[in-house]
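Below: the structure, in structure tokens.
The values are calculated or read from the model by the stated rules, or taken from the named source; none is laboratory data. These numbers were taken from a predicted model, which means no experiment stands behind them. So basically every Cβ, Gly included, is an ideal-geometry build from the backbone, and we count neighbours across all protein chains shown.
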Amino acid sequence: MRDFAPYQIFRWDLSEANLLPALNTNCYITCWWKQLPLAHVWQQAGSSSTNNDLLKKINDAIQPTLQYYGQQSKENYKVNIADSLAEKNYAALNTWLHKSAGMILPAAVSQHVSVVICTKNRPRALQNCLEHLQRCDGDFEIIVVDNFPSDAATKMVVASFSKVIYVAESRPGLDIARNTGAHYASGDIIAYTDDDVSVPANWVENMSNCFNDPLTMAVTGLVIPVQLQTPAPYIFEKDWSFNKGYVPASFDHAYFLHNKKWGVPAWEIGAGANMAFRKQAFQLAGFFDERLDAGAAGCSGDSEMWFRILAEGWNCQYYPHVYVYHDHRSSMQELKNQLYNYMRGHVAALLVQNEKYPGTGNLRRFYKGLPFYYLTKIARQLFKSALKIDPLLTAQIKGCIAGWKYYKENKNNHRRAIYTFPEELMTIEDDPRALVSVVIPCYNHAKYLGAAIESVGNQTYPYKEIIVVDDGSTENIFSICEKYPVLVKYVRVERVGLSAARNIGVQYSKGAYLVFLDADDLLYPEALEINRYFLNYYKEAMMVSGGHNRINEKGEYLSSPVSKITEGNNYSALLQGNYIAMEGTAMYRRELFFHFSFNTGIKSCEDYQLNLQVARYFPVFGHDKIVAAYRIHRHNMSNNKSHMIQYALKVLRAEEKKLVSEEERIAWRQGMENWKSYYK
């Protein structure tokens with residue numbers, strides 16, 4: 001770009017009664033209302049004859065944002081910026097923006113935030129980043145992860161700031177550093193930014209407030225360039241921008257299902273330079289995959305994490321009012337290297353995503369989508385530029401090939417599964433009025449759901465709540481739940497599956513104890529009281545379970561298994577078979593979640609797997625009191641014996657490598673035989 005002229009970045013605030021000045025140079029104009037970004041406009045020197053032409057251009061750019069805020073707040077969104085400013089009608093414009101935008105931005109939420117900065121040998125950039133962060137408002141800590149440092153410069157910079165935690169990570173890799181930061185974080189929310197980023201004073205508080213929806217596990221925000229003085233940042237901002245727009249966007253499981261044919265474009269969610277996660281996200285979806293991003297595959301550790309969050313049934317949110325300023329690469333060689341690493345990491349991420357979530361379009365995107373995209377780009381460039389190919393395009397294609405090779409060489413290096421248990425799991429305190437949350441996942445069991453809800457409502461234990469998670473039912477589940485407005489909290493999700501629905505129910509619950517009741521089953525009136533008694537009596541137990549009866553569709557009793565007391569090494573007992581048998585008979589201490597959770601990667605026996613994991617680490621107890629009824633009908637999953645034996649054995653085989661004693665190995669072998677015999 002020999003004729004390139006630098007672009008000046010000009011901030012224009014509509015809340016101030018200032019006319020737009022004459023702009024005689026190339027400008028990148030960002031339009032604001034106070035701290036709310038509304039749009040941006042590229043303006044070349046001499047391209048508009050009057051300021052009115054530029055105002056019209058700005059008006060057209062801002063309208064989609066105004067339309068969104070107006071529709072969400074039910075305020076008239078037909079606001080013409082050009083006319084309002086020409087008439088100097090600032091008061092009316094500010095009143096409308098205050099009503100429309102102010103009404104729908106997330107409300108304040110009190111949460112402790114851990115801000116993690118991963119850095120490598122860039123002390124000057126880090127100095128600037130920390131200076132801006134320390135001006136922020138809110139309840140937060142700052143953790144600097146010094147990734148594979150070659151000297152002590154970063155440590156010295158951190159030492160010059162008060163209350164900044166320094167952590168040295170000797171293993172190179174951005175996602176290794178991100179995981180290290182997460183392990184050291186004490187906050188409810190873990191926010192990440194880069195050392196070449198500047199944040200405004202409201203960044204931490206705005207980020208924290210965006211997690212008021214229990215389904216939200218990740219948040220990203222707008223990224224604005226610091227400078228556009230050379231061709232490289234200009235090209236990047238034009239073609240590869242971190243800017244995902246000025247309208248808030250929600251990415252949920254419905255978005256995941258809609259896009260899975262060609263691979264879910266999780267990179268559209270945001271940028272790693274401006275992102276945050278609920279701490280439970282790492283327990284539910286796992287940590288960053290250390291094969292990805294800088295120091296490894298090159299990129300896409302952030303988008304691969306967002307992909308997993310969506311796949312597990314949770315939401316990611318994009319909010320433009322959570323903005324930062326990023327210093328893009330300034331030279332063409334740096335940009336070329338960056339794009340090479342982007343595509344290297346992107347391809348590796350597609351193949352990594354296919355490992356755990358096969359059939360979600362990642363291979364189709366790699367083998368069909370990317371070749372078609374680049375062949376089309378090459379053909380267009382050859383036609384336009386006399387058989388010359390842009391070096392930036394060549395770098396991207398080489399990056400794709402390198403990403404495929406990298407994955408082949410590293411596909412067996414899976415994410416670390418790290419169990420760390422908080423102190424509260426070791427300290428048991430019992431409150432006689434503790435709330436019990438009963439989570440009822442429901443998919444098209446409307447004919448039984450009312451009876452299940454009433455069985456909880458009729459409990460002799462008075463301190464209870466019900467969370468019904470409607471898992472994308474085609475039946476009207478809400479109409480049943482609204483009959484119990486005080487007792488039932490209704491949550492609707494888009495067909496995430498039984499495991500994810502149970503996990504989501506936990507996130508919406510408030511109880512110190514948790515019970516998972518299927519929508520077609522029942523609890524007997526003393527169920528919660530009995531299980532609370534045993535958890536109080538066996539104070540070291542993390543979970544107790546009881547016996548159950550079997551009933552038919554009409555509620556009539558059928559022959560039932562004999563219940564018995566199970567105590568001692570209950571891990572070995574569970575290895576021999578699922579003595580709990582019915583999940584609704586179990587009660588858990590809340591602190592177990594989400595250090596343990598229901599596995600969304602299996603289609604059955606997820607409760608058996610969860611209970612095995614809990615029993616391996618903590619005492620559990622099984623009593624012989626009958627507390628629940630298991631309804632037998634033609635839609636029971638357990639009717640499919642080949643399906644059940646497949647997953648029961650799969651769960652048990654996964655335990656084999658965890659066995660530590662001969663007693664456990666004997667129990668495991670007995671369990672394999674018992675399951676085969678049971679479903680024969």
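Put simply, of Ala177, Ala182 the only residue that is surrounded by 18 or more Cβ atoms within 10 Å (Cβ to Cβ), touching a strand residue (DSSP E or B) at 6+ places or on another chain (Cβ under 7 Å) and under 19 Å from Val219 (Cα atoms) is Ala182.
So for the range 555-564 (the condition being surrounded by 15 or more Cβ atoms within 10 Å (Cβ to Cβ) and not in a loop (DSSP other than H, G, I, E, B)), does at least one residue qualify? The answer is no, given that none of the residues of the range 555-564 is surrounded by 15 or more Cβ atoms within 10 Å (Cβ to Cβ) and not in a loop (DSSP other than H, G, I, E, B). Taken residue by residue, the range 395-409 has no member that is modelled with pLDDT under 95 and either under 30 Å from Glu526 (Cβ atoms) or surrounded by 12 or more Cβ atoms within 10 Å (Cβ to Cβ) (or both). Evaluation of Asp137 against the conditions (1) modelled with pLDDT under 95; (2) in a helix (DSSP H, G or I); (3) not aliphatic (A, V, I, L, M) shows that the sole unmet condition is (2). For Asp146, are the conditions met, namely being exposed (fewer than 13 other Cβ atoms within 10 Å of the Cβ), acidic (Asp, Glu) and either in a strand (DSSP E or B) or touching a helix residue (DSSP H, G or I) at 6+ places or on another chain (Cβ under 7 Å) (or both)? No: the conditions fail for Asp146.
One line per residue, one yes/no per condition, for (1) touching a His at 6+ places or on another chain (Cβ under 9 Å); (2) assigned by TED's automatic domain parsing to the domain that holds Gly187; (3) at pLDDT 95 or above; (4) under 21 Å from Leu392 (Cβ atoms):
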site	(1), (2), (3), (4)
Phe277	no, yes, yes, no
Ala296	no, yes, no, no
Ser300	yes, yes, yes, yes
Gln333	no, yes, yes, yes
Gln353	no, yes, yes, no
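For the range 649-680, the candidate set comprises residues that are of a type in the set (Val, Ile, Thr) and surrounded by fewer than 18 Cβ atoms within 10 Å (Cβ to Cβ); within that set, the residue that is nearest to Ala573 (Cα to Cα) is Ile666. Determine, yes or no, whether Arg550 is in a strand (DSSP E or B), modelled with pLDDT of 95 or more, surrounded by 13 or more Cβ atoms within 10 Å (Cβ to Cβ) and not polar (S, T, N, Q). Judged against the criteria, Arg550 is a match. When we screen Tyr630, Tyr579, Tyr608 for residues that are among the aromatic types (Phe, Trp, Tyr), in contact with a Ser or Thr (Cβ under 8 Å, 6 or more places away or on another chain) and modelled with pLDDT of 95 or more, the only hit is Tyr579.
When you check Cys129 against the structure, is it surrounded by 19 or more Cβ atoms within 10 Å (Cβ to Cβ), out of contact with any helix residue (DSSP H, G or I) (no Cβ under 9 Å at 6 or more places or on another chain) and modelled with pLDDT of 95 or more, yes or no? For Cys129, the condition - surrounded by 19 or more Cβ atoms within 10 Å (Cβ to Cβ), out of contact with any helix residue (DSSP H, G or I) (no Cβ under 9 Å at 6 or more places or on another chain) and modelled with pLDDT of 95 or more - is met. Of the set (1) farther than 24 Å from Val627 by Cβ; (2) of a type outside the set (Val, Ile, Thr); (3) over 28 Å from the mean Cα position of the chain (by Cα), all apply to Ser455 but (1). Per the conditions (1) aromatic (Phe, Trp, Tyr); (2) closer than 30 Å to Arg308 by Cα; (3) surrounded by 20 or more Cβ atoms within 10 Å (Cβ to Cβ), the sole criterion not satisfied by Tyr630 is (2).
With the requirement that a residue be more than 22 Å from the chain's Cα centre (by Cα) and outside any loop (DSSP other than H, G, I, E, B), what does the range 471-488 give you?
Ile477, Phe478, Ser479, Ile480, Cys481, Val488, listed by residue number.
Residues in the range 322-357 that are surrounded by fewer than 23 Cβ atoms within 10 Å (Cβ to Cβ), within 27 Å of Ala254 (Cβ to Cβ) and not hydroxyl-bearing (Ser, Thr, Tyr): Leu351, Asn354, Glu355, Lys356.
For the structure I just gave you, tell me whether Pro37 is modelled with pLDDT of 85 or more and either farther than 22 Å from Val223 by Cβ or in contact with a Pro (Cβ under 7 Å, 6 or more places away or on another chain) (or both). Considered against the rule, which asks whether it is modelled with pLDDT of 85 or more and either farther than 22 Å from Val223 by Cβ or in contact with a Pro (Cβ under 7 Å, 6 or more places away or on another chain) (or both), Pro37 comes out as yes. Of the candidates Gly671, Gly584, Gly622, the single residue that is assigned to a helix (DSSP H, G or I), of a type in the set (Gly, Ala, Ser) and touching a strand residue (DSSP E or B) at 6+ places or on another chain (Cβ under 7 Å) is Gly584.
Among residues of the range 286-299 being buried (at least 24 other Cβ atoms within 10 Å of the Cβ) and of a type outside the set (D, E, K, R), the one that is nearest to Asn206 (Cα to Cα) is Phe288. In the range 642-655, the condition of being without any contact (Cβ under 8 Å) to a residue 40 or more places away in the chain, of a type in the set (Asp, Glu) and assigned to a helix (DSSP H, G or I) is met by no residue. Among the residues of the range 70-104, those that are at pLDDT 75 or above and surrounded by 19 or more Cβ atoms within 10 Å (Cβ to Cβ) comprise Gly70, Trp96, Leu97, Ser100.
Here is a yes/no grid of residues against (1) within 25 Å of Arg532 (Cβ to Cβ); (2) basic (Lys, Arg):
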site	(1), (2)
Glu465	yes, no
Ile480	no, no
Leu487	yes, no
Val491	yes, no
Ser499	no, no
Lys510	yes, yes
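Whether any residue in the range 487-503 is polar (S, T, N, Q) and either surrounded by fewer than 23 Cβ atoms within 10 Å (Cβ to Cβ) or at pLDDT below 95 (or both) is what I want to check.
Quick first cut of the range 487-503, residues polar (S, T, N, Q) only: 499, 503.
Checking the rest, the ones that are also either surrounded by fewer than 23 Cβ atoms within 10 Å (Cβ to Cβ) or at pLDDT below 95 (or both) come to none.
Within the range 487-503 (the criterion being polar (S, T, N, Q) and either surrounded by fewer than 23 Cβ atoms within 10 Å (Cβ to Cβ) or at pLDDT below 95 (or both)), the answer is no, since none of the residues qualifies.
In summary, Tyr557 fulfils each of the numbered conditions (1) out of contact with any strand residue (DSSP E or B) (no Cβ under 7 Å at 6 or more places or on another chain); (2) free of Cβ contacts under 8 Å to residues at least 12 places away in the same chain with the single exception of condition (1). None of Ser208, Ser186, Ser250 is in the same structural domain as Leu133 (by TED's automatic domain parsing), in a loop (DSSP other than H, G, I, E, B) and of a type in the set (Ser, Thr, Tyr) except Ser186.
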